[in-house]
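**Q** Before anything else, here's the structure in question.
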Amino acid sequence: MTSGGLEVVCERVSFAYEEGRQPVPALADVDFRVGAGERVALLGPTGSGKSTLLQVVRGLLRPDGGSVRLGDLAPDDTGYGELQRQIGLVFQQPELQLFAATARDDVAYGPRQLGWSEEDVETATAEALATVGLDPAEHGPRHPYSLSGGEQRRLALAGVLAMRPRVLLLDEPFVSLDPPARRDLSQVLHSLMARGMGLVLATHDVDRAWALCDRRVVLAAGRVVAAGTWDLGSGGERVLGEYGLEVPFLVDLWSRLGRPLATTPRSAREAAEMLA
């Protein structure tokens, strides 16, 4: 489904919304990099600018200053727009945007807008539904709102995957999902990352971010206050606490057990195997 990741580099990106004809800063001099196929967690308190940054990266918002480079291309270069279309953005609670009469038509909408042949649209739709764990034959003919909440969230993700992005931007994808639905979505994301797709996960769920992402970027008041690896044992935990974020449960557990934080497992299964 993916042809490999795509490097994304934000260089001194700034953006402000207008409120009552007055600019309200949302991002200020943000430097942010996602290597091809890399998995990065975008963390920060509410109002820190996470959603705005995702929309700037996707090209839905034009930065007031700075730029977003995609691969080897700058915004004014030929072919930049095509690379922008290879970045998929899934909004927070995307199931609220489902609109078609059937799940299949909802997923097929994006590829059709790209002008693909109907044969290619059908292939991409079936592949995307299967990737998120929705059987095309069983779920495809159903109305989107007849699906469970977790299935609707996966259907919305399928609508983005059908356009075969190389980088996936997710805005709080685990919000309002029950534990089984969270596990299902996590498994889908692990599968996509194994195929080489890049991921930027904006979330308050630090445990999911720890399980899925190798690096983390912390935003506060529209500025990057920390970036890089999780820096366990070298101040990384303190940075999370300073900005209202919990230390991942497994990191806290490993610390309490007196084990080297560099060996902290990424999942409960890994922890159980290491403690057996």
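The values are calculated or read from the model by the stated rules, or taken from the named source; none is laboratory data. None of these values were measured; they are calculated from a predicted model. Don't worry about glycine lacking a Cβ; one is built from the backbone with ideal geometry, like all the others, and counts go over all protein chains shown.
**Q** Tell me, which strands (runs of 3 or more DSSP E) lie completely within segment 2-53 with 2 or more residues that are under 22 Å from Val206 (Cα atoms)? Steps first, answer last, please.
**A** Working: elements: 8-19, 22-34, 39-43.
Qualifying strands (runs of 3 or more DSSP E): 22-34, 39-43.
**Q** Taking segment 58-96 as the search range and keeping residues that are hydrophobic (A, V, I, L, M, F, W, C) and free of Cβ contacts under 8 Å to residues at least 12 places away in the same chain, which one is nearest to Leu27 (Cα to Cα)? Even if it seems obvious, please write down each step before you answer.
**A** We begin by selecting, within segment 58-96, every residue hydrophobic (A, V, I, L, M, F, W, C); these are 60-61, 68, 70, 73-74, 83, 87, 89-91, 96.
With free of Cβ contacts under 8 Å to residues at least 12 places away in the same chain added as a condition, the list becomes 73-74, 96.
Values: Leu73: 22, Ala74: 20, Leu96: 26 Å.
The residue in question is Ala74.
**Q** Restricting the search to segment 108-126, which residues are part of a helix (DSSP H, G or I) and among the hydrophobic types (A, V, I, L, M, F, W, C)? Quick ask: steps written out before the conclusion?
**A** Here is the first cut: in segment 108-126, the ones part of a helix (DSSP H, G or I) are 108-113, 118-126.
Within segment 108-126, Ala108, Val121, Ala124, Ala126 qualify.
**Q** Collect the residues in segment 125-148 that are more than 17 Å from Ser191 (Cα to Cα) and of a type in the set (A, V, I, L, M), keeping them in residue-number order.
**A** The answer is Ala137, Leu147.
**Q** Considering every residue within segment 127-139, establish whether at least one is in contact with an Asp or Glu (Cβ under 7 Å, 6 or more places away or on another chain), part of a strand (DSSP E or B) and within 23 Å of Ser267 (Cα to Cα).
**A** No.
**Q** Still on this structure, please answer the following. Considering (1) over 20 Å from Pro165 (Cα atoms); (2) of a type in the set (A, V, I, L, M, F, W, C); (3) in contact with a Phe, Trp or Tyr (Cβ under 8 Å, 6 or more places away or on another chain); (4) surrounded by fewer than 22 Cβ atoms within 10 Å (Cβ to Cβ), say which one Leu61 fails and leave the rest.
**A** Evaluating Leu61 over (1) over 20 Å from Pro165 (Cα atoms); (2) of a type in the set (A, V, I, L, M, F, W, C); (3) in contact with a Phe, Trp or Tyr (Cβ under 8 Å, 6 or more places away or on another chain); (4) surrounded by fewer than 22 Cβ atoms within 10 Å (Cβ to Cβ) leaves (1) as the failure.
**Q** Take segment 196-254 and flag every residue that is basic (Lys, Arg), assigned to a helix (DSSP H, G or I) and either modelled with pLDDT under 90 or over 18 Å from the mean Cα position of the chain (by Cα) (or both).
**A** Of everything in segment 196-254, just one residue is basic (Lys, Arg), assigned to a helix (DSSP H, G or I) and either modelled with pLDDT under 90 or over 18 Å from the mean Cα position of the chain (by Cα) (or both), namely Arg238.
**Q** Looking at segment 103-120, is at least one residue in contact with a Gly (Cβ under 8 Å, 6 or more places away or on another chain), closer than 27 Å to Arg216 by Cβ and either crowded, with 16+ Cβ neighbours inside 10 Å or of a type in the set (A, V, I, L, M, F, W, C) (or both)?
**A** The answer is no; no qualifying residue exists.
**Q** Right, here's the next one. As an exercise: evaluate Val224 against (1) touching a residue at least 40 places away in the same chain (Cβ under 8 Å); (2) surrounded by fewer than 20 Cβ atoms within 10 Å (Cβ to Cβ) and give the number of the one condition it does not meet.
**A** For Val224, the failing item is (2).
**Q** To continue, here is another question. Test Arg238 against the criterion of being surrounded by fewer than 18 Cβ atoms within 10 Å (Cβ to Cβ) and under 19 Å from Glu38 (Cα atoms), and give yes or no.
**A** no
**Q** Moving on. Out of all the residues in segment 82-91, is one or more within 18 Å of the chain's Cα centre (by Cα) and assigned to a helix (DSSP H, G or I)?
**A** Narrowing segment 82-91 to residues within 18 Å of the chain's Cα centre (by Cα): 83-91.
This time we only want the ones that are assigned to a helix (DSSP H, G or I), so: 83-84.
Yes, that holds for at least one residue.
**Q** For Leu157, state whether it is hydrophobic (A, V, I, L, M, F, W, C) and either touching a Pro at 6+ places or on another chain (Cβ under 6 Å) or without any contact (Cβ under 8 Å) to a residue 40 or more places away in the chain (or both). First the steps, then the outcome.
**A** Working: hydrophobic (A, V, I, L, M, F, W, C): yes; either touching a Pro at 6+ places or on another chain (Cβ under 6 Å) or without any contact (Cβ under 8 Å) to a residue 40 or more places away in the chain (or both): no.
Considered against the rule, which asks whether it is hydrophobic (A, V, I, L, M, F, W, C) and either touching a Pro at 6+ places or on another chain (Cβ under 6 Å) or without any contact (Cβ under 8 Å) to a residue 40 or more places away in the chain (or both), Leu157 comes out as no.
**Q** Only one of these is in contact (Cβ under 8 Å) with a residue 40 or more places away in the chain and within 28 Å of Glu95 (Cα to Cα): Arg164, Arg182. Name it.
**A** Every option except Arg164 fails the conditions.
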